[in-house]
Amino acid sequence: MLLWSCWNSSFAEPADSTMSTKPRKHPWLAAGEIVVFNGGLVVYNAIRNSAEDFSHITMKDIRRNVTHGYWWWDCDGFRVNTIEHPIHGVIYYNIARLNGMSVVESSLYTLGGSWMWEIFCESEQPSINDMVYTTFGGITLGEPIYRTGRRVFNDLFRRGKVPRDTTPFTLSLSAGYRAFWPNHHPTVRTGYLTLESSYGDMMDDESGLFDYFQIRGTAVFGSNQFIVGAAKVTAQLYSQQLVDEPQRKVVWGIYNHFDYDAVAPYYDLPKSEREKHYYGFSEVGVFGPGIAYRLGDKNRVEQQLHVTGIAMGTTPTTTQHKKDGQRGYSFGSGYGAKLITKAKLGDVLSASVDAEFSQLFTWDGFYDDDPSRYRPSIPSIQGEAGNAVTLIVTPSVTVTPIPALSHLSLEGRGRFFHSHFNYKYHPHSSTHAWEVMAGVKYTF
């Protein structure tokens, strides 16, 4: 999907405020391509997943979805609900974007494509969580992927044929070794590959949608883990400078975030059970104000504080409802905060510490004193009623040991995960984990 977006966007006319000309819009072609894509995926599911009930869509199912109006919390696994659906939304978003639609218009196409899929393309009732994750995830990931792809491919293949985007841009690729220690479970060791891009400067006086963003995606290899290990986005929706001096800058704004961490399944379980027990976290539809300051220039210190509202997120659960609910995590809505501290010593050393806090509230769950909630068929349950508090701390350091090879550096990264679960109908509990990554980084 990323390569497809990159290649096509290199031939597309500019479609945002960083370019001087307006694109030609093809709204009906965009809508038709989304319909064709959904239809093709229905056929694929009917062939590839013929043993699964959801792939056998009938007119009776469609009539029920249109007329009944019953939306449920589905029981799909963690990676399906929290990253595969956002990737699905990225395709909708980029189809619209590559047909000349604006950020806002492409967001509406993503919403429409997701609604079409839930109503017309599966035999199950429409899913609340799928709609939220596909729409918000598709938008938040879609625009950074679109701009990164267009920038890279325009620079490589179309230089001089379209107006050149002069916005500050960095792209890096790193690879190395990763070890993960979940609480009371065996250590997981894998390789990793991380792609990271930064577009714009957070401190600049640019207030347009996505005029600044940072996106980081990590793939993991080994131990039979799902390849997408992490995906994080911080994107500007609006910003305004408060101080603009050579050695001191302060800015505030409204930011959109996406967070996904599938740090490891529990591998002491049978393979058929692993999907139900991911030690993973995710947040989508995350918006809120942020303020940042920077002191210095080549040698500098920077700090950011973000306060967020979370439309939907997930947190692992430690109770036994998973044997009935088919998934070992809960959906919830809530709030959070991020404190990001960065320091840079010339081109030799950079370090950062990210601290993320969130509290998710789950209001529709299993009741120990109400057996009727344990339906004989797959239940529609948001998770365990109650709330979960999560803290993730991520220190990192990057060193460039040879100045003549400024593009090549060594990186180290650690993460500490801690969640405390305040269940309404079960005893409170908590869990934690550690992760360490070390590798080589190349900045293009």
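The values are calculated or read from the model by the stated rules, or taken from the named source; none is laboratory data. None of the values given here were measured: they were computed from a predicted structure. Because the Cβ atoms are built from the backbone with ideal geometry, glycine has one as well, and the counts that use them run over all protein chains shown. Protein only, heavy atoms only, side chains kept; ligands, DNA and RNA dropped before computing areas. Shrake-Rupley method; radii C 1.70, N 1.55, O 1.52, S 1.80 Å.
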Q. If you go through the range 327-341 one residue at a time, do you hit one that is over 20 Å from the mean Cα position of the chain (by Cα) and either modelled with pLDDT of 80 or more or closer than 25 Å to Thr140 by Cα (or both)?
A. yes
Q) If you go through the range 212-223 one residue at a time, do you hit one that is crowded, with 23+ Cβ neighbours inside 10 Å, outside any strand (DSSP E or B) and at pLDDT 85 or above? A) yes
Q: List every residue pair whose Cβ atoms sit under 6 Å apart, with the two residues 6 or more apart in sequence or on different chains, where the first one lies in the range 183-211 and is at pLDDT 95 or above and the second, anywhere, is of a type in the set (D, E, K, R) and surrounded by fewer than 19 Cβ atoms within 10 Å (Cβ to Cβ).
A: Glu196/Arg216
Q) Regarding Lys271, is this residue touching a Lys or Arg at 6+ places or on another chain (Cβ under 7 Å), open to solvent by 30 Å² or more (accessible area, probe 1.4 Å) and either at pLDDT below 95 or more than 19 Å from Leu141 (Cβ to Cβ) (or both)? A) no
Q: Hey, can you tell me all the residues within the range 391-433 that are more than 25 Å from Ser197 (Cα to Cα) and either in contact (Cβ under 8 Å) with a residue 40 or more places away in the chain or polar (S, T, N, Q) (or both)?
A: Ser419, Phe421, Asn422, Tyr423, Lys424, Tyr425, His426, Ser429, Ser430, Thr431, His432, Ala433
Q. Going through the range 224-241 one residue at a time, which ones are in a strand (DSSP E or B), open to solvent by 20 Å² or more (accessible area, probe 1.4 Å) and more than 26 Å from Pro289 (Cβ to Cβ)?
A. Val228
Q) In the range 171-181, which residues are open to solvent by less than 10 Å² (accessible area, probe 1.4 Å) and of a type outside the set (Ser, Thr, Tyr)? A) Arg178, Ala179, Phe180
Q. Within the range 182-211, restricting attention to residues that are under 18 Å from the mean Cα position of the chain (by Cα) and among the small types (Gly, Ala, Ser), which residue is most open to solvent (accessible area, probe 1.4 Å)?
A. Ser198
Q) Hey, Gly77 hits all of (1) modelled with pLDDT under 85; (2) surrounded by fewer than 15 Cβ atoms within 10 Å (Cβ to Cβ); (3) closer than 29 Å to Thr315 by Cβ but one; which does it fall short on? A) (2)
**Q.** Out of Leu111, Leu98, sole residue that is within 24 Å of Gln382 (Cβ to Cβ), surrounded by 17 or more Cβ atoms within 10 Å (Cβ to Cβ) and either modelled with pLDDT under 85 or not acidic (Asp, Glu) (or both)
**A.** Leu111
(Q) If Glu122 satisfies all but one of (1) farther than 13 Å from Val90 by Cα; (2) surrounded by fewer than 23 Cβ atoms within 10 Å (Cβ to Cβ), what's the number of the condition it fails? (A) (2)
Q.
Can you tell me which condition Trp252 does not meet? The list is (1) part of a loop (DSSP other than H, G, I, E, B); (2) open to solvent by 50 Å² or more (accessible area, probe 1.4 Å); (3) within 25 Å of Gly296 (Cα to Cα), and all the others hold.
A. (1)
